[in-house]
């Protein structure tokens, strides 16, 4: 979230950042909102000062025996009191109008991020591993899973609807093994602290990491036994965010990053590195017709998340480090992948710069995203009021980073497709065998 004072002082830079994302200039409108806010606050303060002064003047007039003046002053105070609710409402409206506008503005890309309109303009920066040469036509993961009798979409649909799956036996164990392997790697070798966070969060937490208000339709809300309305839009104090009793987390980024909300950390605590393996929930409202078969895009999925809290000076180096930690997962699983830097038109709302790791899926014959690692600067920290105290003692906003380390469901998809055998069985990657009780192959 932006500081309106910074926009006022850097309007040209702000609008250039929007232009790189393909968005219209907005500084003039925002500064007009801010002028209205300032004017409304000024009117309320002026009325307050006049009311206080008039109250004192009433006492002086009465002491001097000037009853006519005292009555006139009393009438003036009564008029101020009568107009007070309207002045307060005008102030609330002006503040909410600006807050709503600021909350809907995406982060500006770093200068090094390539310009572009969509995923076709992303730039590949590295590639690891060679896709396996098959002596049979490779199948897609859902064909393999259903052939094993261990991946059941039909029963899941009866229970929960579309975009759910029931994994059984060796596949259920494989999913668990992948998650445990990733958590062990990130905690034991990469120095992340494992956290077991809540899966239900409140409005403020979702606002802090920028899932709200813009991406409400992509989220699942929990009603706690009562109906929750769809929310109203518009510049009122109540409309800043749609509210729910709780929201199911779309990623562990939400609770992990919010662990530092409304706090001032010691600089010695940074960088703070955290990881969590959690179920995640997404409505996939904008994904109609995409990946309707299989596990690529589901309402519920398991993911190991990485979050770092750093100083501004550390954040870009930490971004490279975090991406390397995610890459190590794929390298140890011996899964071919490529690393791309997202262009301005494809990067996320809160991101300044994002690397995507795309794993090779032989059943589809293409690379698919399995991890996104983003540096957000102080964009989320301002929404959460998360700060640290440097050596000079003046609190500054922290920088936040998040990345998938990696998506467990998609990792299982990649393992099934890359390790499939002609007879329908699936070899178990060597690094996972200790987590599978020494099992080397999931038999057909």
Being surrounded by 14 or more Cβ atoms within 10 Å (Cβ to Cβ), assigned to a loop (DSSP other than H, G, I, E, B) and either at pLDDT below 70 or not assigned by TED's automatic domain parsing to the domain that holds residue 273 (or both) is the filter here; which residues of the stretch 208-242 pass it? 231, 235, 236, 241, 242
Of the residues that make up the stretch 374-386, is at least one surrounded by fewer than 19 Cβ atoms within 10 Å (Cβ to Cβ), in contact with a strand residue (DSSP E or B) (Cβ under 9 Å, 6 or more places away or on another chain), modelled with pLDDT of 95 or more and in the same structural domain as residue 265 (by TED's automatic domain parsing)? yes
Which of the residues spanning the stretch 395-427 are within 27 Å of residue 372 (Cβ to Cβ) and over 30 Å from the mean Cα position of the chain (by Cα)? 418, 419, 420, 426
Looking only at the stretch 181-196, how many residues end up being part of a loop (DSSP other than H, G, I, E, B) and either modelled with pLDDT under 95 or farther than 10 Å from residue 277 by Cβ (or both)? 3
Counted residues, the stretch 269-290 - those being modelled with pLDDT under 95 and either in contact with a strand residue (DSSP E or B) (Cβ under 9 Å, 6 or more places away or on another chain) or farther than 30 Å from residue 146 by Cβ (or both): 1
Looking only at residues in the stretch 270-297 that are out of contact with any helix residue (DSSP H, G or I) (no Cβ under 9 Å at 6 or more places or on another chain) and touching a residue at least 60 places away in the same chain (Cβ under 8 Å), which one is nearest to residue 370 (Cα to Cα)? 297
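Could you pull out the residue among 121, 115 that is out of contact with any helix residue (DSSP H, G or I) (no Cβ under 9 Å at 6 or more places or on another chain) and more than 23 Å from residue 38 (Cα to Cα)? Quick ask: steps written out before the conclusion?
Numbers: 115 fails: out of contact with any helix residue (DSSP H, G or I) (no Cβ under 9 Å at 6 or more places or on another chain).
Step by step, each of 121, 115 is checked, and only 121 is out of contact with any helix residue (DSSP H, G or I) (no Cβ under 9 Å at 6 or more places or on another chain) and more than 23 Å from residue 38 (Cα to Cα).
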Could you tell me how many of the residues in the stretch 119-137 are in contact with a strand residue (DSSP E or B) (Cβ under 6 Å, 6 or more places away or on another chain) and in a loop (DSSP other than H, G, I, E, B)? 2
Determine whether residue 165 is under 23 Å from residue 363 (Cα atoms) and assigned by TED's automatic domain parsing to the domain that holds residue 382. yes
For residues in the stretch 148-160 being surrounded by fewer than 16 Cβ atoms within 10 Å (Cβ to Cβ) and out of contact with any strand residue (DSSP E or B) (no Cβ under 7 Å at 6 or more places or on another chain), which is nearest to residue 442 (Cα to Cα)? 149
Taking the stretch 140-180 only, how many residues are outside any helix (DSSP H, G or I), within 24 Å of residue 371 (Cβ to Cβ) and touching a helix residue (DSSP H, G or I) at 6+ places or on another chain (Cβ under 8 Å)? 5
What number of residues within the stretch 254-269 satisfy the criterion of being crowded, with 18+ Cβ neighbours inside 10 Å and out of contact with any helix residue (DSSP H, G or I) (no Cβ under 9 Å at 6 or more places or on another chain)? 1
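Right, residue 323: in contact with a strand residue (DSSP E or B) (Cβ under 9 Å, 6 or more places away or on another chain) and in a strand (DSSP E or B) or not? Can you show your working first?
Numbers: in contact with a strand residue (DSSP E or B) (Cβ under 9 Å, 6 or more places away or on another chain): yes; in a strand (DSSP E or B): no.
When the stated conditions are applied, residue 323 does not pass them.
Okay, residues lined up against (1) in contact with a helix residue (DSSP H, G or I) (Cβ under 6 Å, 6 or more places away or on another chain); (2) touching a residue at least 12 places away in the same chain (Cβ under 8 Å); (3) outside any loop (DSSP other than H, G, I, E, B):
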site	(1), (2), (3)
304	yes, yes, yes
309	yes, yes, yes
316	no, yes, yes
329	yes, yes, yes
340	no, yes, yes
345	no, yes, no
355	yes, yes, yes
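Regarding the stretch 397-420, can at least one residue be identified that is surrounded by fewer than 17 Cβ atoms within 10 Å (Cβ to Cβ) and assigned to a strand (DSSP E or B)? If you could, list the steps in order and put the result at the bottom.
Kept after step one, since they are surrounded by fewer than 17 Cβ atoms within 10 Å (Cβ to Cβ), are these residues of the stretch 397-420: none.
Looking for residues that are surrounded by fewer than 17 Cβ atoms within 10 Å (Cβ to Cβ) and assigned to a strand (DSSP E or B), one finds none in the stretch 397-420, hence no.
The values are calculated or read from the model by the stated rules, or taken from the named source; none is laboratory data. The structure presented is a predicted model; accordingly, all values stated were derived computationally and were not measured. Methodologically, a virtual Cβ is constructed for each residue, glycine included, from the backbone with ideal geometry; neighbour enumeration extends over all protein chains shown.
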